[in-house]
Amino acid sequence: MPQSGSSPAYDVVLIGGGIMSATLGTMLKELEPDWSIALYENLYQAGQESSDPWNNAGTGHAALCELNYAPAGPDGTVDITKAVNINEQYHVSLQYWSHLVDNGTLEDPNSFINALPHMSFVWGDDHARYLQRRYEAMAPNPLFSHMQHTEDGAEIADWAPLLMDGRTGDQRVAASRFEAGTDVDFGALTRQLTTKLANDGVDVHYGHRATKLSRDTDGRWDVTVKDRLNRREFTTKARFVFIGAGGGALDLLQSSGISEAKGFGGFPISGQFLRSTNQEIIDQHHAKVYGQAAVGAPPMSVPHLDTRFVDGRRSLMFGPYAGFSTNFLKTGSYLDLPKSIRTHNLWPMLNVAKDNFDLVGYLISELTKTHGKKVDNLRDFYPAAADDGWELINAGQRVQVMKKDPKKGGVLQFGTELVSGAQGTIAALLGASPGASTAAPIMVELLRRSFPDRFSGWETQLTDMIPSLGQRLNKNPDLLEEVTAHTTKTLQLG
């Protein structure tokens, strides 16, 4: 371990053992193999908070089925800009994972990624008309050219039998389908990457919680760390710090004192899922099926009936059912929210509260639902669902970003926010979905912002890792076909 006086010192310190830190560490280890790196994770294994497969991070967000990424305007026109951007980003992640399989960092692709159709499913005239317009807007784009669409109940039943089981024939239904979707176990992926980092000389410490950041007079960061197992506290020095601690990132970012952290707050939303205990039902469904969010619901609460592959086992889950808790991590403290309030973020947070009473009402209604009411929601998707045969599981915490806004005073932002210091010595990731699925492009952007003097020298290597780097696949169908063929073969998705 590199030393500086009585404190360990590193070129890079990664805080948090999730997919973001694992991805950044893996990239840096290849780009700068001589750099010293340490990773500190509060829990005793990597990938157990937001990256855990049961904590909402397994969709493989590619905007193929998530309707909130293609909103309709007042005139009914569907805007696919966000869908295109997210799909482009997911292709970057697929290419990076393929590179890691090619170079032996990752071994068995199906241990973390599996082919799975993505579907959007709606009922009622208004929703069916929207889905038709969405399909018409997306299908001409090369990224979505293989999308299928139908209002034929028999065809939908062929795609996903549970959706039509028990549904009356007089209800208008519609579905869009993209056969080449994926399911990702980000917990398994994170643990494989972190294990490889440890084997390659990165100092990986579990049961170590970073509690404070302060800037030293020499420009380096002092990271205060609590060793929970040995009940001791020490300081680590770092030339660069990445805060990838999920819901715990905001507190550490605030402690850094950088001006770029001013005005940010966090709004925690918890979740639950129903998980099937009936193998006969599980075996009948092979898709990720997303519907329309309820009025006032946050985008992360869009209902979906999902096949999952976790630890090699096939499962079926429905949800999420949103809730509210003041802790920022599943293993966090109920004081997380009140402790995050500062003079610089109080006004944005108050304005967010004022403008989001419908969200508060929605969360209250979710919290009061009985098991029977939850199954009633499931029956919108799967009409023949029985009350029994479904267990309720607690999912992870999502801390949505609240930030300053010149017009409204403050806004609630759904998505991720990369915050980087002007001097290029610290960066943090705040927010939630589609986070994990877009880890690779987010970390490339972090490298670009935080290491501007080195980035041009890394571009050749990065392009070897990610052939489409700096290009738009939707503008280059030949390159799209080339990279898709490679990722499909390498990741065994064909």
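The values are calculated or read from the model by the stated rules, or taken from the named source; none is laboratory data. Just so it is clear, the model here is predicted, and its values are computed rather than measured. Cβ sites come from the backbone with ideal geometry, for glycine too, and all protein chains shown count toward neighbours.
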Determine, yes or no, whether N377 is under 25 Å from A249 (Cβ atoms) and either in contact with a Ser or Thr (Cβ under 6 Å, 6 or more places away or on another chain) or not aliphatic (A, V, I, L, M) (or both). no
Could you tell me whether any residue of segment 311-318 is in contact with a helix residue (DSSP H, G or I) (Cβ under 7 Å, 6 or more places away or on another chain), over 20 Å from D185 (Cβ atoms) and surrounded by fewer than 22 Cβ atoms within 10 Å (Cβ to Cβ)? no
Condition broken by K82, with the remaining ones in (1) touching a residue at least 60 places away in the same chain (Cβ under 8 Å); (2) part of a helix (DSSP H, G or I) satisfied: (1)
Members of segment 196-210 found to be within 21 Å of G247 (Cβ to Cβ) and either of a type in the set (G, A, S) or outside any strand (DSSP E or B) (or both), listed by number: G207, A210
Could you list, in sequence order, all residues of segment 382-398 that are touching a helix residue (DSSP H, G or I) at 6+ places or on another chain (Cβ under 6 Å) and either part of a helix (DSSP H, G or I) or at pLDDT below 90 (or both)? Q397, R398
For E233, all conditions in the list (1) on the phi > 0 side of the Ramachandran plot; (2) in a strand (DSSP E or B) hold save one; what is the number of the exception? (1)
Being crowded, with 18+ Cβ neighbours inside 10 Å, touching a residue at least 12 places away in the same chain (Cβ under 8 Å) and not in a helix (DSSP H, G or I) is true for just one of A322, A422. Which residue is that? A322
Output the residues belonging to segment 138-184 that are part of a helix (DSSP H, G or I), under 25 Å from the mean Cα position of the chain (by Cα) and not aromatic (F, W, Y). M138, P142, L143
Does segment 185-195 contain at least one residue that is farther than 24 Å from D376 by Cα and in a loop (DSSP other than H, G, I, E, B)? yes
When both residues are 6+ apart or on different chains and their Cβ atoms are under 7 Å apart, which pairs have a first residue that lies in segment 450-466 and is assigned to a helix (DSSP H, G or I), and a second that is among the polar types (S, T, N, Q)? S450/S420
From the set of residues in segment 110-153 that are of a type in the set (G, A, S) and closer than 12 Å to A180 by Cα, which is surrounded by the most Cβ atoms within 10 Å (Cβ to Cβ)? A115
Single residue of segment 395-419 satisfying the filter (among the polar types (S, T, N, Q) and touching a residue at least 40 places away in the same chain (Cβ under 8 Å)) that is farthest from G271 (Cα to Cα): Q400
Is at least one residue of segment 193-212 of a type in the set (S, T, Y), crowded, with 23+ Cβ neighbours inside 10 Å and more than 28 Å from L64 (Cα to Cα)? yes
Anything in segment 446-460 that is loosely packed, with under 13 Cβ neighbours inside 10 Å and not charged (D, E, K, R)? List them, or say none. P452, S456, G457, T460
Of the residues that sit in segment 85-134 and are of a type in the set (V, I, T) and outside any loop (DSSP other than H, G, I, E, B), which one is farthest from the chain's Cα centre (by Cα)? V122
For segment 5-26, check the following and say yes or no: at least one residue is farther than 26 Å from F455 by Cβ and in a helix (DSSP H, G or I). no
Regarding segment 333-353, can at least one residue be identified that is at pLDDT 85 or above and more than 19 Å from G266 (Cβ to Cβ)? no
Name the single residue that is farthest from I393 (Cα to Cα) among those in segment 325-345 being part of a helix (DSSP H, G or I) and free of Cβ contacts under 8 Å to residues at least 60 places away in the same chain. T343
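For (1) buried (at least 21 other Cβ atoms within 10 Å of the Cβ); (2) farther than 24 Å from S365 by Cβ; (3) in contact with a Phe, Trp or Tyr (Cβ under 7 Å, 6 or more places away or on another chain); (4) not basic (K, R), each residue gets a yes or a no:
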| position | (1), (2), (3), (4) |
| --- | --- |
| A238 | yes, yes, yes, yes |
| G248 | yes, yes, yes, yes |
| S259 | no, yes, no, yes |
| L274 | yes, no, yes, yes |
